[in-house]
Amino acid sequence: MLNHNIRKNPKNPVLITVPHSGSFYPKLFKKYLKLDLDKIRKIEDYQSDKLIKLIKKENVDIIIAKCSRAVVDLNRSRKSIDNDMFNGTVIIDQQDEKKMISYGLGVFPKIIDNKSIFKTKLPISYSKNMLKEYYDPFHKSLSKQLEFLLKKFGFCYHFDLHTMPSKALKHFKIKPDIVLGNNFGKSSSENLIYAIKNRFEKFGLKVEINNPYAGGYITRQYGNPLVGIETIQIEINRSLYMDETNLKIHKIDYLQKVFSEIFNNFGHSQREAAE
């Protein structure tokens, strides 16, 4: 359940992942569903994969998840499981991301807009099936490609693409268009994140760093500049390219141009230039 653009002979160590644009809902998920699917779809990073449509395939590796984040959230730890959702104990050892679980936003989301997603508790087999089918393939593919790029080039740049609801930015006097997250300097160098910030700003976009999003599980798990892997989460204000209420795309052309200009010109010497 992935869309891949994995280059056989990459000319640079650049990888983009899009974990939350998926709109596939398996029958097993629908079987236990309480809410209307229209309400569930509000959680998607709606068609965010289209933002990178104009990036040439020879310039980046791309991994896009097809399954919805409402089914399995790939930006959570595999151990971020709420046992209360199931007819038994799924995870015996220490849970991860307990705060997110308390919000109903673990690897298996259970609440959207303060409403329960499911009409009943789920069988333990549900968790095993969903992790095997949708979670593991994404993370195995991501890990494999990062290792390949790191071995080939000695370093790699990983950009994890997301979108954010404009209402989540209401405390800003001027809402940012882009939020870049590097786990407060732990998942990428300051040189790289400011280089990317400058590139977006050249297109007239307002950019924040680590505010209000510093990066999720993917950023924290894979970004490690000390070994040569630099991961930056990119959040796009949804109001820039879509009607958030009716889930319709509009004025996406400009952002597509921005991403193509940035990543079609992301050369092998970028690390040297950034340092």
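If you go through region 59-99 and keep only what is under 18 Å from D136 (Cα atoms), among the β-branched types (V, I, T) and in contact (Cβ under 8 Å) with a residue 60 or more places away in the chain, you end up with I63, I64, V71, V72.
G181 passes every criterion in (1) of a type outside the set (A, V, I, L, M, F, W, C); (2) out of contact with any Lys or Arg (no Cβ under 9 Å at 6 or more places or on another chain); (3) farther than 30 Å from D136 by Cβ; (4) touching a residue at least 24 places away in the same chain (Cβ under 8 Å) apart from (3). Can you say whether G215 is touching a Leu at 6+ places or on another chain (Cβ under 7 Å), closer than 30 Å to D96 by Cα and small (G, A, S), as far as the supplied structure shows? Taking the combined requirement at face value, the residue does not satisfy it.
Just to check your reading of the model, which residue among T245, T219 is of a type in the set (S, T, N, Q) and touching a strand residue (DSSP E or B) at 6+ places or on another chain (Cβ under 7 Å)? Only one candidate passes the filter, namely T219. Quick check on K170: is it under 16 Å from R76 (Cα atoms) and surrounded by fewer than 19 Cβ atoms within 10 Å (Cβ to Cβ)? Answer is no for this residue. Listed by position, the strands (runs of 3 or more DSSP E) contained in region 1-116 that have at least 1 residues being touching a Lys or Arg at 6+ places or on another chain (Cβ under 7 Å) and crowded, with 21+ Cβ neighbours inside 10 Å are 61-65. With respect to (1) within 16 Å of the chain's Cα centre (by Cα); (2) farther than 26 Å from L146 by Cα, the lone exception for L74 is condition (2).
For region 222-242, a residue qualifies if it is of a type in the set (A, V, I, L, M, F, W, C) and in contact with a strand residue (DSSP E or B) (Cβ under 7 Å, 6 or more places away or on another chain), and the qualifying residues are I229, I232, I234, I236, M242.
Every number here is computed from the coordinates shown, using simple stated rules; none is lab data. Since the structure is predicted, the reported quantities are computational estimates derived from the model, not experimental observations. Using ideal geometry, Cβ is built from the backbone for each residue, glycine included, and neighbour counts are taken over all protein chains shown.
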